[in-house]
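> Below are the structure tokens for one structure; questions will follow.
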Amino acid sequence: MSDVFSVIDQQAGLFLAELQEFLRIPSISTLPEHQGDIQRAAEWAADKLRAAGMTDVQVFPTPGHPIVYGAWNGAPGAPTVLIYGHYDVQPVDPVSEWRSDPFSAEVSGDYILARGSSDDKGQVFANIKAVAALMQAHGGKLPVNVKFLIEGEEEIGGANLDPFILSHLDLLRCDVAIVSDTAILSLDQPAVIYGLRGLVYLELEVRGPDHDLHSGQYGGSVHNPLQALCEIVAALHHPDGSVAVEGFYDTVRPLDAAERQAMAQVPFDEADWKAQTGAPAPWGEPEYTLRERIGARPTLEVNGIVGGFTGHGSKTVLPAKGMAKISCRLVPDQDPHEIENLIRAYVAKITPPTVTSEVRALSHGHGAMVPIDSPAMQAAVRAYERGFGRKPVFTREGGSIPVVATLSRAFDIPVLLVGYGLPDDGLHGPNEHFHVQCFYRGIKTAAALLEDLATTRLK
Ligand code: BES
Ligand code: ZN
């Protein structure tokens with residue numbers, strides 16, 4: 001048996017080249033023209049699971065994008081660890097803002113630049129390579145049983161993963177799950193995430209006249225639906241930044257003094273925040289710190305507004321309809337379906353009789369809190385210490401990974417959010433990148449975690 005870290009060091013360059021191959025598949029889940037790439041990415045991941053020594057590798061079709069599964073169950077008596085990741089990526093627009101082709105996956109300096117490099121191909125691939133390296137280091141065996149679950153609809157809040165999990169409970173049964181799809185604070189300051197927000201995604205359509213009208217002939221007599229839409233959207237917040245939807249905060253779990261104090265201990269630099277966002281000034285609920293607003297408070301965002309004439313030049317039109325895309329980040333114990341209903345009721349109430357409105361729901365995901373005092377969490381702490389050389393902090397994230405709640409409920413297990421990205425990796429934006437050292441340290445941390453879980457008494 002050799003030391004798994006030296007196995008990783010010896011093949012680091014090879015692992016990086018393989019990651020580039022993965023990143024060159026433009027598996028954008030939301031765009032139908034990338035259907036073939038989605039299939040290719042799923043098959044590619046399945047091949048890598050086979051190469052890593054997984055025995056029972058399958059690509060399960062779903063009504064949407066395929067789910068990749070692979071397992072190695074050769075350690076009777078040892079814990080079973082489920083490793084989750086996603087092979088789908090976000091669209092690349094605005095493509096003109098990229099320094100190089102988003103799917104050429106060039107390594108320049110310390111970074112690999114590509115859509116999906118950090119979110120989540122680089123991170124899930126770090127786990128695959130950790131398992132492959134452990135197999136080599138332990139003479140064709142692993143210290144724990146491992147199951148991989150790699151999906152293709154994470155970025156679209158897909159509705160096919162939960163039913164798959166609930167109808168394959170025996171196949172997926174596990175004692176602990178690992179999700180690497182989050183960020184640490186910096187290369188030298190790892191972080192275990194213990195809270196994620198949920199999400200409900202809606203469309204709000206406002207209609208007025210039954211067709212577009214001449215704004216001179218009818219303007220001033222018809223309530224312009226785009227104006228009405230903006231009035232409704234503006235009424236969704238109070239001037240202080242809090243959400244005005246009645247009942248929105250009713251089930252929000254309050255932050256207690258101890259947690260606020262603990263959150264305040266984790267470094268948060270407002271200058272970094274400014275540099276990362278480019279925003280002129282912070283905004284939001286004044287009684288909460290920026291970190292609290294991001295990690296522990298619910299929000300309502302307007303993701304986009306469409307309608308009317310937006311082409312070159314001018315057109316004097318009174319449009320028939322307008323639409324806004326709206327999403328809410330939710331905290332425990334807000335239920336995404338209940339929040340949808342509250343928004344529905346509030347929008348109905350504030351819609352004036354001069355227009356009609358309709359709210360359509362696109363996706364729902366629950367937030368999650370992972371207790372920080374479990375033995376599995378302590379294993380994650382030790383693994384980061386080995387992989388990054390520094391004890392991690394515990395922190396909450398503003399993003400959403402709906403499967404975390406699904407897995408912890410389905411199997412009553414701890415779900416370890418052990419991520420390897422950096423806060424400014426550019427997720428969902430132009431020039432997404434992944435630090436090469438995050439990749440290598442991530443592989444080591446993932447390997448260390450599996451070794452550690454083999455001897456951790458989980459219950
Ligand atoms: N990796 C992210 C989640 C994330 C982002 C965690 C930032 C921590 C920090 C994930 O791939 C993602 O973007 N999820 C979507 C989920 C949604 C579509 C249901 C999100 O948060 O918008
Ligand atoms: Zn994402």
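The values are calculated or read from the model by the stated rules, or taken from the named source; none is laboratory data. In this text the structure is predicted, and so the values were computed from the model without any measurement. As a convention, Cβ positions derive from the backbone with ideal geometry for all residues, glycine included, and neighbour counts pool all protein chains shown.
This table checks each residue for (1) surrounded by fewer than 18 Cβ atoms within 10 Å (Cβ to Cβ); (2) touching a Cys at 6+ places or on another chain (Cβ under 6 Å); (3) assigned to a helix (DSSP H, G or I).
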| site | (1), (2), (3) |
| --- | --- |
| Ile8 | no, no, yes |
| Ala12 | yes, no, yes |
| Leu16 | no, no, yes |
| Thr30 | yes, no, no |
| Gln35 | yes, no, yes |
| Ile38 | no, no, yes |
| Glu43 | yes, no, yes |
| Lys48 | no, no, yes |
| Met54 | no, no, no |
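> Given the residues Val404, Val415, which is the only one that is within 15 Å of Tyr194 (Cβ to Cβ) and within 16 Å of ligand 2 (Cβ to nearest atom)?
Matching residue, one of Val404, Val415: Val404.
> Please return the ranges of helices (runs of 4 or more DSSP H) entirely within region 133-243 where 3 or more residues are more than 26 Å from Tyr420 (Cβ to Cβ) and out of contact with any strand residue (DSSP E or B) (no Cβ under 9 Å at 6 or more places or on another chain).
161-167
> While we're here: Could you give every pair whose Cβ atoms fall below 6 Å, whose first residue belongs to region 350-366 and is in a strand (DSSP E or B), and whose second residue is away from ligand 1 (no atom under 16 Å from the Cβ), counting only separations of at least 6 or pairs across chains?
Final answer for the pair search is Thr356/Arg207; Ser357/Val206; Ser357/Val347; Ser357/Thr351; Glu358/Glu205; Val359/Leu204; Val359/Arg344; Val359/Val347.
> Go through region 318-338 and give me each residue that's within 14 Å of ligand 1 (Cβ to nearest atom) and aliphatic (A, V, I, L, M).
Ile326, Leu330, Val331, listed by residue number.
> Only one residue in Gly399, Gly387, Gly426 is on the phi > 0 side of the Ramachandran plot and small (Gly, Ala, Ser), so which one is that?
Testing whether each residue is on the phi > 0 side of the Ramachandran plot and small (Gly, Ala, Ser) leaves just Gly426.
> Of the conditions (1) in a strand (DSSP E or B); (2) within 16 Å of ligand 1 (Cβ to nearest atom), His65 satisfies every one except a single condition; which number is it?
For His65, the exception is condition (1).
> If you don't mind, another one. With (1) in contact with a strand residue (DSSP E or B) (Cβ under 7 Å, 6 or more places away or on another chain); (2) modelled with pLDDT of 95 or more as the list, and Asp56 as the residue in question, which single condition is left unmet?
Unmet for Asp56, out of (1) in contact with a strand residue (DSSP E or B) (Cβ under 7 Å, 6 or more places away or on another chain); (2) modelled with pLDDT of 95 or more: (2).
> Residue pairs, Cβ under 9 Å, 6 or more apart or interchain, first in region 71-98 and under 18 Å from Thr30 (Cβ atoms) and among the aromatic types (Phe, Trp, Tyr), second assigned to a strand (DSSP E or B) and within 16 Å of ligand 2 (Cβ to nearest atom). List them.
Tyr87/Ile150; Tyr87/Glu151
> Looking only at region 68-88, filter to residues that are more than 16 Å from ligand 2 (Cβ to nearest atom) and part of a loop (DSSP other than H, G, I, E, B); which one of those is nearest to the chain's Cα centre (by Cα)?
Pro79
> Does Phe411 satisfy the criteria of being within 16 Å of ligand 1 (Cβ to nearest atom) and surrounded by fewer than 22 Cβ atoms within 10 Å (Cβ to Cβ)?
no
> Quick check, is Glu106 at pLDDT 95 or above and either on the phi > 0 side of the Ramachandran plot or exposed (fewer than 14 other Cβ atoms within 10 Å of the Cβ) (or both)?
Judged against the criteria, Glu106 is not a match.
> Restricting attention to region 370-401, which residues are under 22 Å from Val252 (Cα atoms), away from ligand 2 (no atom under 16 Å from the Cβ) and crowded, with 17+ Cβ neighbours inside 10 Å?
Val370, Phe394, Thr395, Arg396
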